[in-house]
Amino acid sequence: ENASSLNDFRGHLRESMLSLITIMEAFRLTPVGCEVPFPAKDKEALEIDGIGQFGARIDFLMTNNSGQYVIFDFKWSFSKSYAEKIEKDLSIQLELYRQTVIATYPDKEVAGVGYYIMPRKQLLTSDFDELPGKKLVKHIDQVAESKLSEQIRNSFEYRMNEIRNGHIEEAETMEILNVAGYYTDLEN
């Protein structure tokens, strides 16, 4: 049973990669790398305007014929939520990846970003048009002009101010077991 499932998975993955190659050929995209780290080295720092130091690992980074960057994030899911995120301009992950590349290469542009939905063999994006006669790319119109980058920066600034002013406590890096008010002794 496991061998059969593994063979099915391999076949599906192969078809998905062939579809991805077809998309890359259609848009004339050249791979830069997979799981590309930003910043490139551990001791380097990457600053995103309005957010500060940031790090990311981009699933698939490419360039087009004009030397502009293209970013695909791989998803192994049938969920419709990724299309909804793009439509409603809520794809924070893709926008942060876009801003990461822009901060790293300020003289270059990002031509497009998208979610590559591996089980569907389909790219979900608002930056590229659909390929005629194929269902490999699903162009999703956004509800309005994107202001997501600005919203992310404003949200980050607001939350950092709340932490600095003591309205939100930052507790992930501290042991809360012995902090008054965080732990209740259920035996008493």
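I'd like to know if segment 16-37 contains one or more residues that are among the charged types (D, E, K, R), under 23 Å from Asn154 (Cβ atoms) and either touching a His at 6+ places or on another chain (Cβ under 7 Å) or outside any loop (DSSP other than H, G, I, E, B) (or both).
no
Consider segment 67-84 and keep the residues that are without any contact (Cβ under 8 Å) to a residue 24 or more places away in the chain and open to solvent by 60 Å² or more (accessible area, probe 1.4 Å). The one that is nearest to Ile152 (Cα to Cα) is Glu84. Restricting attention to segment 65-86, the residues that are outside any loop (DSSP other than H, G, I, E, B) and either in contact with a Ser or Thr (Cβ under 6 Å, 6 or more places away or on another chain) or among the hydroxyl-bearing types (Ser, Thr, Tyr) (or both) add up to 5. Of all the criteria given as (1) within 24 Å of Ala103 (Cβ to Cβ); (2) open to solvent by 30 Å² or more (accessible area, probe 1.4 Å), the one not satisfied by Gly33 is (2). Arg28: open to solvent by 30 Å² or more (accessible area, probe 1.4 Å), modelled with pLDDT of 95 or more and under 18 Å from Ser126 (Cα atoms), yes or no? When the stated conditions are applied, Arg28 passes them.
Annotation note: of Tyr69, Tyr82, the sole residue that is over 13 Å from Thr125 (Cβ atoms) and in contact with a Lys or Arg (Cβ under 8 Å, 6 or more places away or on another chain) is Tyr69. Selection of segment 115-144 for residues being open to solvent by less than 40 Å² (accessible area, probe 1.4 Å), in contact with a Lys or Arg (Cβ under 9 Å, 6 or more places away or on another chain) and under 18 Å from Met62 (Cβ atoms) yields Tyr115, Tyr116, Ile117, Met118, Gln122, Leu123, Leu124, Thr125, Leu136. Restricting attention to segment 38-64, report how many residues are under 15 Å from the mean Cα position of the chain (by Cα) and part of a loop (DSSP other than H, G, I, E, B). Summing the residues that are under 15 Å from the mean Cα position of the chain (by Cα) and part of a loop (DSSP other than H, G, I, E, B) in segment 38-64 gives 2.
The values are calculated or read from the model by the stated rules, or taken from the named source; none is laboratory data. Values in this document were obtained by computation on a predicted structure and should not be read as measured data. All Cβ positions, glycine included, derive from the backbone under ideal geometry; neighbour counts span all protein chains shown. The area values use the complete protein model at the heavy-atom level, side chains included, leaving out ligands, DNA and RNA. Shrake-Rupley method; radii C 1.70, N 1.55, O 1.52, S 1.80 Å.
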